[in-house]
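Below is one structure, written out as structure tokens; comments come after it.
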Amino acid sequence: MGLKGRDLVSIKDLSKQEIESIISAARRHIPVAEGKRTSTLLDGKLLALAFFEPSTRTRLSFETAMLRLGGRTITIADPAVSSVAKGETLSDTVRMLSGYADAIVVRHPNEGASRLASQVSEKPVINAGDGAGQHPTQTLLDLATMEEHFHTLSGLKVVLMGDLRYGRTVHSLAYALALFGAHLVLTSPPALRIPEHIRSDLAEIGADIREEADLRRAVQDADVLYVTRIQKERFGDLAEYARVSSGYRLDPSILEEVKPSFIVMHPLPRVAEIPSEVDSSSHAAYFRQAFLAVPVRMALLSLILSGQPGPGGG
Ligand code: CP
């Protein structure tokens, strides 16, 4: 697999086989991610983390991944204390960072920002979320979570719930799941339906997709419920946000009717959409999902920065 030196801006940048290889490599990174083994695979490598939007998991799991592999990081975590606050453009910031680091991870509120960054950077750019666009590395860890639980990605029935309009995680995930022959069920408030351009991408690859307004009916025979937060920060009108988010919450009694192997996932952060009483359920997979961010990003960084998948991968 030739990921060395490549950008990852959209999940469409990866083939099905490349996704499978990253997930397989991630499995072998788990002991290092857990601190049970050590690695120096990325000794001497430097990763720039350029975050122009808030993040906990993505930024810290990229940083953890790099440190666990013996590499190092430099970070813009708060644009207010970088020269962006003086009016510096994203292009200039990225061009400069590409002279400092071996790869750049970018999160930005504008859709298309990572694509722009990749066009001006001499080093690989990894999209860590661009507005309501894409979040491809989240998709890799989402798939790794499903693969670990079900031992396959083929033909899963996945319900995507919530903010399908602005939720970048579902835009990337729906496409990848369709590549693996998933049956997709969409359930969202009418104002937050999946955008037409994502639908047409899904149609192009022959996705099996339907909408179901009734969540109880949607999860019947399902394998996964993927819950998303209503993306308050993307609403121009907060009254509209209050209207669509009101009462948006998973009713735990729904879990009494699902298959024993059924899992609930969420990219996190959650607000109120999954009540904390679900956390102790055997169906709750979202904290395992958050942990798997580390080995998945270790595998990805290993492949992009060194061309090596990591332990046991040659
Ligand atoms: N899942 C995710 O992107 O989380 P953060 O916003 O905390 O990075």
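The values are calculated or read from the model by the stated rules, or taken from the named source; none is laboratory data. The structure displayed is predicted, hence computed values, not measured ones. Counting neighbours? That spans all protein chains shown, and the Cβs are built from the backbone with ideal geometry, glycine included. Remember, those area values only see protein heavy atoms, side chains included, never the ligands or the DNA or RNA. Shrake-Rupley method; radii C 1.70, N 1.55, O 1.52, S 1.80 Å.
Quick look at the numbers
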read-out: Residues satisfying the stated conditions in the stretch 184-219, i.e. among the small types (Gly, Ala, Ser) and either under 19 Å from the mean Cα position of the chain (by Cα) or within 27 Å of GLU257 (Cα to Cα) (or both); value: SER188, ALA207, ALA213, ALA218
read-out: The listed residue being at pLDDT 95 or above and in contact with a strand residue (DSSP E or B) (Cβ under 8 Å, 6 or more places away or on another chain), out of SER118, SER91; value: SER118
read-out: The listed residue being within 16 Å of the ligand (Cβ to nearest atom) and more than 24 Å from ARG216 (Cα to Cα), out of ALA117, ALA113; value: ALA113
read-out: Of all residues in the stretch 179-199 being in a helix (DSSP H, G or I) and farther than 20 Å from GLN289 by Cβ, the one that is most open to solvent (accessible area, probe 1.4 Å); value: GLU196
read-out: Checklist (1) more than 16 Å from the ligand (Cβ to nearest atom); (2) in contact with a helix residue (DSSP H, G or I) (Cβ under 7 Å, 6 or more places away or on another chain) applied to ALA290, failing item; value: (1)
read-out: Filtered residues of the stretch 271-284 (kept if at pLDDT below 95 and either within 16 Å of the ligand (Cβ to nearest atom) or touching a strand residue (DSSP E or B) at 6+ places or on another chain (Cβ under 7 Å) (or both)); value: VAL271, GLU273
read-out: Filter result (more than 26 Å from HIS108 (Cα to Cα) and open to solvent by 10 Å² or more (accessible area, probe 1.4 Å)) within the stretch 157-177; value: LYS157
read-out: Selected residue (criterion: nearest to the ligand (Cβ to nearest atom)) from residues of the stretch 120-146 that are in contact with a Gly (Cβ under 7 Å, 6 or more places away or on another chain) and within 19 Å of GLN231 (Cα to Cα); value: HIS135
read-out: Residues within the stretch 254-287 that are part of a loop (DSSP other than H, G, I, E, B) and exposed (fewer than 11 other Cβ atoms within 10 Å of the Cβ), tallied; value: 2
read-out: Every pair of residues 6+ apart whose Cβ atoms lie under 6 Å, when the first sits in the stretch 61-86 and is open to solvent by 70 Å² or more (accessible area, probe 1.4 Å) while the second is part of a strand (DSSP E or B); value: ARG72/LEU46
read-out: Out of SER302, SER246, sole residue that is more than 15 Å from the chain's Cα centre (by Cα), modelled with pLDDT of 95 or more and among the polar types (S, T, N, Q); value: SER302
read-out: Test: residue in the stretch 38-54 that is open to solvent by 50 Å² or more (accessible area, probe 1.4 Å), of a type in the set (Gly, Ala, Ser) and not in a helix (DSSP H, G or I); value: yes
read-out: Selection count, the stretch 109-129, where residues are open to solvent by 30 Å² or more (accessible area, probe 1.4 Å) and either in a strand (DSSP E or B) or basic (Lys, Arg) (or both); value: 2
read-out: Residues satisfying the stated conditions in the stretch 114-156, i.e. within 14 Å of the chain's Cα centre (by Cα) and among the small types (Gly, Ala, Ser); value: ALA128, GLY129, GLY131, ALA132, GLY133, ALA144
read-out: Residue within the stretch 218-230 that is within 23 Å of TYR286 (Cα to Cα), among the hydroxyl-bearing types (Ser, Thr, Tyr), in a helix (DSSP H, G or I) and open to solvent by less than 10 Å² (accessible area, probe 1.4 Å) present; value: no
read-out: Within the stretch 50-70, tally of residues that are away from the ligand (no atom under 11 Å from the Cβ) and not small (Gly, Ala, Ser); value: 7
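Residue-by-condition table, conditions (1) closer than 19 Å to SER172 by Cβ; (2) not charged (D, E, K, R):
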{"site": "ILE11", "(1), (2)": "yes, yes"}
{"site": "GLU20", "(1), (2)": "yes, no"}
{"site": "VAL32", "(1), (2)": "no, yes"}
{"site": "LEU41", "(1), (2)": "no, yes"}
{"site": "LYS45", "(1), (2)": "no, no"}
{"site": "SER61", "(1), (2)": "yes, yes"}
{"site": "THR89", "(1), (2)": "no, yes"}
{"site": "ASP102", "(1), (2)": "no, no"}
